[in-house]
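Peer 1: So that we are looking at the same thing, I have put the structure below in C-alpha coordinates.
The values are calculated or read from the model by the stated rules, or taken from the named source; none is laboratory data. From a predicted model like this one, the values you see are computed outputs, not experimental measurements. A quick note on method: Cβ atoms are made from the backbone with ideal geometry, for glycine too, and the neighbour counts reach across all protein chains shown. These accessible areas exclude ligands, DNA and RNA; they are computed on the full protein's heavy atoms, side chains included. Shrake-Rupley method; radii C 1.70, N 1.55, O 1.52, S 1.80 Å.
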Amino acid sequence: GVVHWVAYGIAPDVNSLAEGEGTNPSPRIVGGNNMRQMGTYFGPCAPATDSPHHYIFSVYALDIPKEELPAGLTRDQFLEKVKGKVLNMTSLVSTYRRPQ
(Lines give C-alpha, C1' and ligand atoms only; values in the text may rest on other atoms or scores of the structure.)
Protein backbone atom coordinates (compact mmCIF):
# COMPACT_ATOMS: atom_id res chain seq x y z
CA GLY A 1 0.00 0.00 0.00
CA VAL A 2 0.85 3.66 -0.13
CA VAL A 3 2.37 5.24 2.98
CA HIS A 4 1.05 8.80 3.23
CA TRP A 5 2.65 9.77 6.55
CA VAL A 6 5.11 8.50 9.12
CA ALA A 7 5.22 10.69 12.23
CA TYR A 8 6.62 9.94 15.67
CA GLY A 9 8.27 11.52 18.70
CA ILE A 10 4.97 13.13 19.63
CA ALA A 11 4.73 13.96 23.34
CA PRO A 12 2.22 11.88 25.33
CA ASP A 13 0.23 14.98 26.32
CA VAL A 14 -0.51 15.91 22.68
CA ASN A 15 -4.11 14.93 21.92
CA SER A 16 -4.70 16.87 18.71
CA LEU A 17 -2.90 18.52 15.84
CA ALA A 18 -3.63 21.92 14.40
CA GLU A 19 -5.13 22.04 10.92
CA GLY A 20 -2.33 21.57 8.41
CA GLU A 21 0.24 20.68 11.08
CA GLY A 22 1.08 17.39 9.39
CA THR A 23 1.55 18.92 5.94
CA ASN A 24 4.33 21.23 7.13
CA PRO A 25 7.29 20.48 9.39
CA SER A 26 6.33 20.88 13.05
CA PRO A 27 8.54 21.08 16.15
CA ARG A 28 6.06 18.72 17.84
CA ILE A 29 6.51 15.90 15.29
CA VAL A 30 9.51 13.94 14.03
CA GLY A 31 8.92 13.21 10.37
CA GLY A 32 9.68 9.82 8.89
CA ASN A 33 9.76 9.17 5.16
CA ASN A 34 6.53 8.45 3.32
CA MET A 35 6.32 6.92 -0.17
CA ARG A 36 7.39 10.24 -1.71
CA GLN A 37 10.45 10.42 0.57
CA MET A 38 8.86 13.38 2.41
CA GLY A 39 8.69 13.87 6.17
CA THR A 40 5.20 15.34 5.99
CA TYR A 41 1.69 14.14 5.19
CA PHE A 42 0.28 13.95 1.68
CA GLY A 43 -3.40 13.25 1.30
CA PRO A 44 -5.40 10.78 -0.73
CA CYS A 45 -4.98 11.17 -4.45
CA ALA A 46 -6.47 8.10 -6.11
CA PRO A 47 -7.87 8.53 -9.63
CA ALA A 48 -11.49 9.75 -9.66
CA THR A 49 -12.52 6.60 -11.51
CA ASP A 50 -11.24 4.24 -8.76
CA SER A 51 -13.53 2.63 -6.22
CA PRO A 52 -13.13 3.88 -2.62
CA HIS A 53 -9.72 3.22 -1.10
CA HIS A 54 -9.18 2.10 2.49
CA TYR A 55 -6.93 4.27 4.65
CA ILE A 56 -5.50 3.00 7.94
CA PHE A 57 -4.37 5.44 10.62
CA SER A 58 -2.39 3.75 13.41
CA VAL A 59 -1.25 5.31 16.68
CA TYR A 60 1.29 3.66 18.98
CA ALA A 61 2.10 4.30 22.65
CA LEU A 62 5.79 3.44 22.97
CA ASP A 63 8.27 2.60 25.68
CA ILE A 64 11.33 3.94 23.87
CA PRO A 65 13.33 7.15 24.32
CA LYS A 66 12.52 9.74 21.65
CA GLU A 67 16.19 10.06 20.68
CA GLU A 68 16.29 6.39 19.59
CA LEU A 69 14.00 7.24 16.67
CA PRO A 70 15.90 9.50 14.26
CA ALA A 71 14.12 11.54 11.62
CA GLY A 72 13.61 9.97 8.21
CA LEU A 73 12.58 6.42 9.16
CA THR A 74 10.33 4.62 6.70
CA ARG A 75 7.25 2.83 8.04
CA ASP A 76 9.08 -0.51 7.99
CA GLN A 77 12.18 0.92 9.70
CA PHE A 78 9.98 2.53 12.37
CA LEU A 79 8.11 -0.72 13.02
CA GLU A 80 11.41 -2.63 13.31
CA LYS A 81 12.85 -0.12 15.81
CA VAL A 82 9.75 -0.21 18.06
CA LYS A 83 9.33 -4.00 17.96
CA GLY A 84 8.84 -5.19 21.55
CA LYS A 85 8.44 -1.60 22.82
CA VAL A 86 4.77 -0.98 21.99
CA LEU A 87 2.71 -0.40 25.14
CA ASN A 88 -0.55 -0.06 23.25
CA MET A 89 -1.81 0.78 19.79
CA THR A 90 -5.02 1.47 17.96
CA SER A 91 -6.03 1.88 14.34
CA LEU A 92 -8.81 3.66 12.51
CA VAL A 93 -9.85 2.44 9.07
CA SER A 94 -11.56 4.89 6.76
CA THR A 95 -12.55 4.93 3.12
CA TYR A 96 -12.25 7.74 0.65
CA ARG A 97 -13.20 8.15 -2.98
CA ARG A 98 -12.14 11.15 -4.96
CA PRO A 99 -15.14 13.05 -6.36
CA GLN A 100 -15.65 12.66 -10.10
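Peer 1: I'm trying to understand the selection: among the residues of the stretch 21-37, which are over 15 Å from Gln77 (Cβ atoms), under 12 Å from the mean Cα position of the chain (by Cα) and surrounded by fewer than 18 Cβ atoms within 10 Å (Cβ to Cβ)? First the steps, then the outcome.
Peer 2: Just the residues of the stretch 21-37 that are over 15 Å from Gln77 (Cβ atoms), to begin with: 21-29, 36.
When the remaining residues are screened for being under 12 Å from the mean Cα position of the chain (by Cα), the result is 22-23, 29.
Across the stretch 21-37, the qualifying residue is only Thr23.
Peer 1: Do we have Ala18 as open to solvent by 30 Å² or more (accessible area, probe 1.4 Å), farther than 19 Å from Ser91 by Cβ and assigned to a loop (DSSP other than H, G, I, E, B) here?
Peer 2: For Ala18, the condition - open to solvent by 30 Å² or more (accessible area, probe 1.4 Å), farther than 19 Å from Ser91 by Cβ and assigned to a loop (DSSP other than H, G, I, E, B) - is met.
Peer 1: Taking only pairs six or more apart or across chains, which ones have beta-carbon atoms under 6 Å, a first residue in the stretch 1-14 that is open to solvent by 40 Å² or more (accessible area, probe 1.4 Å), and a second residue that is assigned to a loop (DSSP other than H, G, I, E, B)?
Peer 2: Here the result reads Val2/Met35; Trp5/Asn34; Trp5/Tyr41; Ile10/Ile29, each pair linking the stretch 1-14 to a residue that is assigned to a loop (DSSP other than H, G, I, E, B).
Peer 1: Continuing with the same structure: The conditions are (1) surrounded by fewer than 11 Cβ atoms within 10 Å (Cβ to Cβ); (2) within 17 Å of Tyr96 (Cα to Cα), and His53 fails exactly one of them. Which is it?
Peer 2: Tallying (1) surrounded by fewer than 11 Cβ atoms within 10 Å (Cβ to Cβ); (2) within 17 Å of Tyr96 (Cα to Cα), His53 fails exactly one: (1).
Peer 1: When you go through Val3, Val59, Val30 one by one, which is the residue that is touching a Gly at 6+ places or on another chain (Cβ under 9 Å) and under 21 Å from Thr95 (Cα atoms)?
Peer 2: It is Val3.
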